[in-house]
1. Going by what's in this entry, would B:Val98 be described as open to solvent by 40 Å² or more (accessible area, probe 1.4 Å), away from chain A (no Cβ under 14 Å) and either in contact with a helix residue (DSSP H, G or I) (Cβ under 6 Å, 6 or more places away or on another chain) or outside any helix (DSSP H, G or I) (or both)?
2. Working carefully through the options B:Leu60, B:Leu23, find the one that is touching a helix residue (DSSP H, G or I) at 6+ places or on another chain (Cβ under 9 Å), part of a helix (DSSP H, G or I), open to solvent by less than 20 Å² (accessible area, probe 1.4 Å) and more than 8 Å from every other protein chain (Cβ to nearest Cβ).
3. Counting just the residues of segment B:296-338 that are of a type in the set (D, E, K, R), assigned to a helix (DSSP H, G or I) and open to solvent by 40 Å² or more (accessible area, probe 1.4 Å), which one comes out nearest to B:Val175 (Cα to Cα)?
4. Considering only strands (runs of 3 or more DSSP E) fully contained in segment B:174-258, which possess at least 1 residues that are within 30 Å of B:Ala297 (Cα to Cα) and either touching a Lys or Arg at 6+ places or on another chain (Cβ under 6 Å) or free of Cβ contacts under 8 Å to residues at least 40 places away in the same chain (or both)?
5. Can you report the number of residues in segment B:32-44 which are open to solvent by less than 30 Å² (accessible area, probe 1.4 Å) and more than 7 Å from chain A (Cβ to nearest Cβ)?
6. Restricting to segment A:1-29, and then to whatever is modelled with pLDDT of 50 or more and over 17 Å from the mean Cα position of the chain (by Cα), can you tell me which residue is farthest from the other protein chains (Cβ to nearest Cβ)?
7. Six or more apart or on different chains, Cβ under 6 Å: which pairs go from a residue in segment B:91-102 that's within 8 Å of B:Asp79 (Cβ to Cβ) to one that's open to solvent by 30 Å² or more (accessible area, probe 1.4 Å)? Could you list them?
8. Restricting attention to segment A:79-89, does a residue exist that is within 28 Å of B:Leu53 (Cα to Cα), of a type in the set (Ser, Thr, Tyr) and either at pLDDT 95 or above or touching a helix residue (DSSP H, G or I) at 6+ places or on another chain (Cβ under 6 Å) (or both)?
Amino acid sequence: MGSSDAPSDPGEGAAHTLVRRTAALARLDLDEAEIERLAPEFRRILDAFGALAGVAADAPPATDEPHNARTRPDTPRPSLGAERVLRCAPEREGAYYSVPKTVGGDA
Amino acid sequence: MTGAWRTVIGLETHVQLGTHTKLFCGCANEFGAPPNANTCELCTGQPGSLPLLNERALRLAVRAALALDADVAARSTFDRKNYFYCDLPKGFQTTQYVAPYASGGGVALDDGSFVRLTRIHMEEDAGKAIHDRGDTTLVDLNRAGVPLIEIVTEPDLSNAEQAFEYLTKLKEVLVYAGVSDCDMEKGSLRCDVNVSVHREDEPLGTRVEIKNLNSFRNVRAAIEHEVERQTRALDDGTAIVQETRLFDVDANATRTMRVKEDEDDYRYFPEPDLPPALVTDEVLRVERAAIPELPTARRARYANELGLSEYDAGVLTAERATSDFFDAALRAADPGAAKLLANWTTNELLAATADPDVPGAALDELRVSPADLAALVALVERGEIHSAAARTVLRETLRSGRAPDDVVRELGLAQASDPAEIEAWCTAAIDADPRATEQVRAGNGKAIGALIGAVMKRSQGRANPEVVRSVLTRMLEVDA
């Protein structure tokens with residue numbers, strides 16, 4: 001199921017396809033009821049972006065381009081460290097994050 | 001369908017830049033740190049954190065492009081490459097998709113061909129996922145956000161050997177330019193290969209990408225295997241599937257990897273949190289000036305101007321430190337001493353760096369300076385010390401750091417050329433070895449070597465071997 005299956009202006013069926021593809025890429029296991037619920041939402045989001053694209057075609061070019069884009073010096077700053085960042089982790093093993101294995105699965 | 005099979009290869013090489021910190025945050029860019037020690041809000045994808053481009057990463061990227069003769073864009077932009085995977089918690093990789101910072105350039109190969117570069121772009125590295133733990137994957141985000149450049153070639157390569165040579169030369173350039181250590185064992189340089197085969201009178205074949213190549217040898221082996229696999233399949237009438245394959249080192253074979261996102265699935269869009277990267281003429285000037293003479297040019301100079309062999313030129317330029325040391329010694333020496341200097345550099349000094357008893361594990365850490373080596377070689381050239389004595393001097397200088405002239409004086413190693421002094425050693429050697437003496441007198445010219453060796457030993461390497469030979473032939477009344 002490639003993205004070529006999903007036209008840029010999907011009808012309801014194509015919206016279902018797009019939901020399934022997006023869920024697969026995000027490794028989400030959606031059931032049919034969830035797909036039914038999300039498909040119209042996807043459709044509305046895509047319609048909204050379609051409308052924006054129409055407006056953007058007539059938009060003037062950006063004028064706020066910086067002339068001296070900011071960079072930062074290559075100087076180390078203290079990191080948070082493993083203990084602090086791992087507090088947010090649902091699961092850990094030692095100093096590692098522990099997550100469900102996804103390698104080998106279809107995206 | 002009568003044409004021979006042709007192979008088409010393109011390479012994508014990821015190179016970590018030798019910065020102190022990551023591309024968009026101040027966490028240390030450090031290999032081997034404890035897991036997740038070098039992480040912060042930004043590189044762990046916490047809401048509200050904002051990136052800021054590392055100036056040195058930009059400078060090193062520019063230097064790499066200039067060293068590869070690429071064109072550097074005055075303005076380049078960043079994009080988000082969206083994918084969901086545990087090695088990049090933000091859910092996207094910040095990269096340059098639409099407007100990379102460099103394009104063009106390339107690498108010349110010894111067979112006269114030229115591997116063109118399509119583009120070079122900056123991007124952040126992903127974290128490290130460890131998969132050998134049953135149903136779970138362990139994640140270390142120290143590498144997430146480390147600055148990379150990705151160097152993409154045109155499909156200009158046609159066999160595994162060319163790919164090997166391209167990578168070898170690419171690495172040389174980047175290491176010499178101080179852009180990266182390109183240490184594949186640390187993952188500083190990683191390579192993906194695109195391979196297809198087709199009949200020479202037919203359109204290009206289906207392209208297969210091979211990942212997980214962590215040595216140049218594996219790149220060569222993977223290409224050789226993949227070309228064989230594809231031609232065998234096509235000969236059997238089986239179509240090649242466009243896919244990503246992993247190289248299995250143990251099996252020496254490629255196998256299908258997880259199905260990968262299509263290009264469209266990445267939903268690239270402009271990175272809203274980063275302004276364009278701007279490169280001024282001043283930055284170009286400074287970074288161009290920071291590029292030293294590159295190894296290909298050095299090898300040509302060594303061969304053409306100094307008369308060194310291709311082999312010696314290759315050994316001298318294999319590491320920049322060796323070539324820099326040799327060049328510095330050359331500046332302090334007589335121009336005619338180049339060959340001798342090269343021999344001493346490649347034989348004695350490189351051996352010394354591997355000797356655990358010698359202080360210093362690299363040429364620039366040794367206690368012998370380039371000027372010391374030039375002085376030592378000058379002593380040999382002027383005939384003031386014999387080469388055996390010179391090795392003794394070098395060992396002492398390596399140990400103590402004392403200048404070669406001082407060591408020669410202190411150890412009394414100046415070559416003895418006084419016939420009277422040498423005659424005394426010769427008399428002792430003749431008395432001690434009547435058998436060799438008889439053989440020499442009987443016309444066995446080779447036997448004189450034993451007597452010369454005995455004299456050299458008695459003189460502790462000081463006797464001038466030519467004078468010794470002359471004295472012995474006179475004393476034994478044989479022809480020289």
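1. yes
2. Numbers: B:Leu23 fails: part of a helix (DSSP H, G or I).
Result of the check over B:Leu60, B:Leu23: B:Leu60.
3. The first filter runs over segment B:296-338 and keeps only residues of a type in the set (D, E, K, R), leaving B:298-299, B:301, B:305, B:310, B:312, B:319-320, B:324, B:327, B:331, B:334.
Pick out the ones that are also assigned to a helix (DSSP H, G or I) and you get B:298-299, B:301, B:310, B:312, B:320, B:324, B:327, B:331.
Within this subset, residues satisfying the condition of being open to solvent by 40 Å² or more (accessible area, probe 1.4 Å) are B:299, B:301, B:310, B:320, B:324, B:331.
Values: B:Arg299: 16, B:Arg301: 19, B:Glu310: 21, B:Arg320: 8, B:Asp324: 13, B:Arg331: 23 Å.
Out of the qualifying residues, it is B:Arg320.
4. Fully inside segment B:174-258 and qualifying: B:189-199, B:208-213.
5. The qualifying residues number 3.
6. Checking each candidate, the answer is A:Glu12.
7. Here the result reads B:Thr95/B:Lys81; B:Tyr97/B:Tyr268, each pair linking segment B:91-102 to a residue that is open to solvent by 30 Å² or more (accessible area, probe 1.4 Å).
8. Scanning segment A:79-89 turns up at least one residue that is within 28 Å of B:Leu53 (Cα to Cα), of a type in the set (Ser, Thr, Tyr) and either at pLDDT 95 or above or touching a helix residue (DSSP H, G or I) at 6+ places or on another chain (Cβ under 6 Å) (or both).
The values are calculated or read from the model by the stated rules, or taken from the named source; none is laboratory data. If you're wondering where the values come from, they're calculated on a predicted model, not measured in any experiment. Reconstructed Cβ throughout: ideal geometry from the backbone, glycine too, with neighbour counts over all protein chains shown. Ligands, DNA and RNA are stripped out before the accessible areas are found, and what is left, the full protein with its side chains, is counted by its heavy atoms. Shrake-Rupley method; radii C 1.70, N 1.55, O 1.52, S 1.80 Å.
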